[in-house]
Structure formats: structure tokens, C-alpha cells
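Here is the structure we will look at, set down as C-alpha cells.
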Amino acid sequence: MNEICLIQNSGELQILEQLSEFSKVAVIVDENSLKHCYPQIKEHLPKHYCIQIKSGEEHKNLNTCIEIWQKLTELKFDRKSAVVNLGGGVVGDMGGFCAATYKRGMKFWQIPTTILAQVDASIGGKLGIDFETYKNHIGLFQNPEKVILYPGFVSTLPEREIKSGYAEVIKHALINDSKEWEIISKLNIHEADWFEIIKQSYAVKKHVVEKDPKELGIRKLLNFGHTIGHAVESYLIEDSKRKILHGEAVAMGIVCEAYLSYKKSTLSNDSFQEINNYIQKLYPKVSLSKNEISQLYPIMLQDKKNENEKISFILLKEIGQASYNNYLNWDEIVESIEFYLDQ
Ligand code: GLY
């Protein structure tokens with residue numbers, strides 16, 4: 001497992017000076033991280049180049065990778081050089097993918113700047129890009145040399161992005177940490193202590209990926225809310241008016257998959273209603289009509305957890321405990337989405 005450094009105050013960012021051991025350093029940024037986060041770390045970085053990419057999931061593709069590889073080649077990066085990914089999940093997944101494949105692999109550090117990337121995407125070495133309509137369809141597992149978690153970046157995020165990342169915090173509590181659910185389910189997120197929340201939440205992710213780095217078993221639990229969430233996110237990605245953030249899709253997925261947990265597993269009705277009410281209060285309703293549900297089917301069939309073309313779900317046994325490899329039929333899945341849309 002890579003080294004994860006949780007930074008409480010900005011002085012501890014001097015750990016970045018260790019990057020001087022590399023022959024060259026490139027910091028991959030998007031327009032947001034360049035504007036809001038790069039100035040906070042710049043003084044601690046040794047001599048480096050910045051490679052700027054366009055922000056947004058719609059740019060997490062091979063074209064952007066080609067731009068990154070071209071730049072590394074022009075700058076004559078070698079295998080003793082390093083890439084630092086400063087940004088959210090898109091920068092981390094794609095920058096890591098480019099580094100792990102450039103000249104058969106160079107070292108990279110993750111400096112996630114969103115809650116989503118701090119508690120989830122930067123931990124556990126999943127790297128990759130989207131392909132056609134499928135999320136993270138091309139990629140590999142490769143751990144970064146270091147992950148620097150600096151919750152100080154949260155104050156640079158718009159509220160919509162904070163809530164999006166918070167969906168992964170909710171997911172971690174629901175699958176693995178009922179005590180944390182007790183705390184966060186009463187939380188006003190405008191008054192949250194993000195250092196404590198991120199510390200607690202990334203610990204769940206770290207614990208799970210250390211036990212199952214290649215997702216052969218329990219790591220699948222981290223996909224709770226994502227079977228339906230990823231399909232909806234992918235379906236809406238090209239629709240400029242209805243496009244949603246990853247966590248907004250996951251929040252919808254959590255409601256649907258909690259509904260399925262109540263119907264098909266042992267989650268009680270009270271617990272299901274508690275989860276449903278909490279999510280519905282916090283997140284706007286995803287704009288989808290019932291006659292579009294069938295369009296999600298081919299996308300779900302490509303889900304990476306599936307086996308033998310059967311759609312696989314994570315279901316909650318109770319709050320804080322979940323199971324994987326639950327194969328549900330399409331009618332059951334449709335019922336859960338209709339339940340969400342009907343509220
Ligand atoms: N985001 C789920 C995982 O890393 O396994």
C-alpha cells in the first residue's frame with residue numbers, strides 16, 4: 001500500500017519538497033485546481049512543469065491522455081521523473097493512468113483536491129479513463145507513491161462539489177461504519193469539521209482496499225450506489241442541460257440500491273426510510289423520465305462487477321454492513337428506479 005499523508009495544517013505541506021529526488025516533475029492540473037489549489041502548494045514544490053487539462057468527466061478520455069503523453073515526451077520525461085496529480089477524481093484517475101503507462105510506468109503522487117477524491121478516488125490505485133459511454137472502462141490498478149490529503153482544499157470547493165463528494169462519505173458509513181452514520185446523519189454539512197469527516201471516511205476506504213486491492217471480493221462493497229449511479233451518470237454525460245456530478249448520481253444510486261436492499265435483503269424498512277429521507281433532503285432529484293429507464297440497461301450490462309452478463313449489486317444487510325455478488329433481474333432494478341422517480 002502507498003503512503004497516505006493526512007495534512008492538518010499548511011506547514012506540513014513541506015513534505016512536497018521530497019519531490020526534488022525525481023529527475024523532472026510535472027504537476028497535472030485543471031483550470032479549477034490551477035486557480036484555487038496550486039497557489040497553496042506552489043512554494044513547497046521543487047522546479048516543475050504544469051500540464052493543464054480541461055476539467056470535467058467529458059474530458060476523461062484518450063484524447064486528453066494523448067495531450068498528456070505528448071507533453072511528457074516533449075519535455076523529455078524519463079522513468080526517474082514523476083507526475084503529481086493535483087485535482088479531483090478526473091485528474092487523479094487520468095493523470096495516474098498516463099503516468100503508469102508512460103514508458104511502461106513512472107512514479108506519481110496524488111494530491112486530491114475534492115472531497116470525493118480525498119475519501120475515495122485517490123486511495124486504492126484505480127486508474128483509468130472513460131470509453132464510449134462506459135465509465136472507467138479502460139484502466140489498471142497501480143498505487144501512487146504517495147497520497148497527500150489536505151482537507152484545507154475543501155474551502156475552495158463550490159457547495160455542489162462538496163455535496164457530490166459527501167455522497168461517497170455517506171456510502172462509506174452505510175457499508176462499513178454505523179457509528180459514523182449516526183454522526184453524519186445528524187450533521188449540518190455547512191458546519192462540518194471536514195478534517196474529521198475525511199479522516200474517518202478515507203480510513204474505511206483504506207481498510208477495504210488493503211484487504212482486497214484488486215477487487216476480487218470485499219472491495220466490491222465500495223460500489224454500493226454505483227451500479228445504478230454510474231449508469232445514470234454515463235447516460236446523462238453528453239446532455240449539457242441534465243449532466244450531473246458523480247456524487248449526485250451516486251446519491252440517486254444509494255436510494256435505489258437501499259430500496260433493493262430493503263426488498264431483497266435484510267435492511268429494515270425504518271433504516272431504508274432513514275437513508276431515503278436523508279438523501280432526498282440533501283440532493284436535488286435527478287432529471288430522468290420513466291420511459292428512459294430502458295436506456296440504462298445496456299450501460300449496466302457493462303458494469304465491471306458483472307459476471308456472465310448478470311447485473312451485480314451491493315446490498316445493505318443493515319446500516320454499516322453490506323454484501324456483494326447479488327444478481328437482480330431487470331424488473332426489480334426498474335422498480336427501484338421508479339420508486340426514486342415517483343417521490
Ligand atoms: N471507488 C471504488 C473503489 O475504489 O473500489
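Odds and ends about this structure:
- When the chain is treated as a Gaussian network with alpha carbon springs shorter than 10 Å, the biggest mean-square fluctuation among Ala26, Ala322, Ala192 belongs to Ala192.
- Residue pairs, from the table Lys263/Lys310; Lys42/Lys126; Lys60/Lys263, whose Cα atoms sit over 28 Å apart: Lys60/Lys263
- Environment charge of Ile138, counting only residues whose C-beta is closer than 14 Å and scoring Lys/Arg +1, Asp/Glu -1: +1
- Over the chain, relative contact order from alpha-carbon pairs under 8 Å, at least 6 apart, %: 15
- Beta bridges from DSSP with both residues in the chain: antiparallel share about 35 percent, rounded to the nearest 5.
- With a simple spin-label model that places each label point 7 Å from the Cα along the Cα-to-Cβ direction, the separation between Thr266 and Lys317 comes to 0.6 nm.
- Where labels lie 7 Å past Cα in the beta-carbon direction, separation of His207 and Glu145 in nm: 3.1
- Length available on full extension from Ile189 to Tyr49: 0.36 nm per residue minus the Cα-Cα distance, which gives 46.8 nm.
- Percent carbon-and-sulfur accessible area, region 250-340, ignoring ligands, DNA and RNA, probe 1.4 Å: 42
- Choice from Glu191, Glu168, Glu332 showing the highest fluctuation, given a GNM over the chain with Cα pairs closer than 10 Å: Glu191
- Highest average first, the peptides 295-302, 183-190 ordered by how many other beta carbon atoms sit within 10 Å of their residues are 295-302, 183-190.
- Average accessible surface area per residue within region 1-152, 1.4 Å rolling probe, Å²: 43
- Each of Thr133 and Trp330 was given a label point 7 Å from its Cα along the Cα-to-Cβ line. The distance between the two points is 1.3 nm.
- Placing a label point 7 Å from the Cα of Ser10 along the Cα-to-Cβ direction, the residues of region 133-159 whose backbone N falls under 16 Å of that point are 150-157.
- A cut-off under 14 angstrom between Cβ atoms defines the neighbours of Gly320, and their net charge, with Lys, Arg +1 and Asp, Glu -1, is -2.
- Size of charge dipole - the chain - debye, nearest 20, with Cβ of Lys, Arg +1 and Asp, Glu -1, no other charges: 920
- Residue among Leu260, Leu328, Leu221 with the largest mean-square fluctuation in a Gaussian network model of the chain, springs linking Cα atoms under 10 Å: Leu328
- Per-pair calculated FRET efficiency, R0 = 45 Å: Leu75 and Glu238 via Cβ, rounded to 0.05: 0.85
- R0 of 25 Å, Cβ-Cβ distance Ser155-Glu17: FRET efficiency to nearest 0.05: 0.55
- Overall form of region 1-87 per C-alpha gyration tensor (a/c, 1.5; a/b vs b/c): oblate
- Student exercise, region 115-222 dipole from Lys, Arg, Asp, Glu Cβ charges, in Debye to nearest 20: 280
- For region 189-308, accessible area per residue (1.4 Å probe, heavy atoms of protein chains only), Å²: 45
- Cross-link pairs exceeding 29 Å between alpha carbons, from the set Lys205/Lys290; Lys146/Lys304; Lys24/Lys211; Lys76/Lys135: Lys205/Lys290; Lys24/Lys211; Lys76/Lys135.
The values are calculated or read from the model by the stated rules, or taken from the named source; none is laboratory data. Remember, it's a predicted structure, so these values are computed and weren't measured experimentally. Virtual Cβ from ideal backbone geometry, glycine too; neighbours counted across all protein chains shown. Ligands, DNA and RNA are excluded from the accessible area calculation, which covers all protein heavy atoms including side chains. Shrake-Rupley method; radii C 1.70, N 1.55, O 1.52, S 1.80 Å.
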